Structures are given as C-alpha cells and as structure tokens.
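Below is one structure, written out as structure tokens; comments come after it.
The values are calculated or read from the model by the stated rules, or taken from the named source; none is laboratory data. Source: prediction; values computed, not measured. Here the Cβ positions follow ideal geometry from the backbone for every residue, glycine too, while neighbour counts run over all protein chains shown.
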Amino acid sequence: MHTYVIYDIVKDRIRKKIADVCLDYGLKRIQYSAFRGDINTTRRRALEDKLAEQLGKSEGKIEILSVCARDYDKRTVIEETGE
C-alpha cells in the first residue's frame, strides 16, 4: 500500500527524528516535510507507533495516509526543475 507521511513539527530536533524514522522505513522524501513509500499494514502500524513515540509531547502534527494502487496510479505530479 502506498503510504504518505506529512508533518508539521515545531522543533528542529524532533522534525529531524521524524524524517529519520521515515527514511528508516524505506520512505522517500517528496517534499521537505513529506515522505512516500510502499509498505505493508504491519510495517505501517509499526511506523505509526515509532512516529508517535518520537513526537511525544512535542508540539506538532503528523498525518499518515494510505492510498490504494488504483488511486495512486491516478495521481498527478507537476514538477519543474528550473532548467
């Protein structure tokens, strides 16, 4: 299942830890505070637990969204490299 993790974290140190967890789970950075990857349900639950642990009582918000293959294939990506 394609999984997106999008977050808005106030503290730099916590934001870095959240990014590191996403990378540890094989997610790829698609924006500064957004990651995407293909992980199964078991790993997604473990990811949720780890992200919640890292955020702790710090101010911030993390959203995790799973997208089925059919809807993922309908996505549109608009990218400009500036060249």
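Just a few scattered comments:
- Residue that is farthest from residue 25 (Cα to Cα) [pool: residues in the range 47-83 that are of a type in the set (A, V, I, L, M) and part of a helix (DSSP H, G or I)]: 69
- Taking the criterion of being hydrophobic (A, V, I, L, M, F, W, C) and buried (at least 19 other Cβ atoms within 10 Å of the Cβ), the residues of the range 11-20 that qualify are 18, 19.
- Within the range 41-69, residues that are in contact (Cβ under 8 Å) with a residue 60 or more places away in the chain reach partners that are assigned to a helix (DSSP H, G or I) and among the β-branched types (Val, Ile, Thr) with beta carbons closer than 9 Å, at six or more positions or on different chains, in the pairs 66/41.
- Residues that are modelled with pLDDT under 95, surrounded by fewer than 15 Cβ atoms within 10 Å (Cβ to Cβ), over 17 Å from the mean Cα position of the chain (by Cα) and not charged (D, E, K, R) are absent from the range 27-37 altogether.
- Among the residues of the range 1-32, those identified as of a type outside the set (Val, Ile, Thr), more than 18 Å from residue 66 (Cβ to Cβ) and part of a helix (DSSP H, G or I) are 12, 13, 15, 16, 17, 19, 20, 23, 24.
- Tally of residues being surrounded by 10 or more Cβ atoms within 10 Å (Cβ to Cβ) and either of a type in the set (S, T, N, Q) or in contact with a Phe, Trp or Tyr (Cβ under 9 Å, 6 or more places away or on another chain) (or both) across the range 41-83: 18
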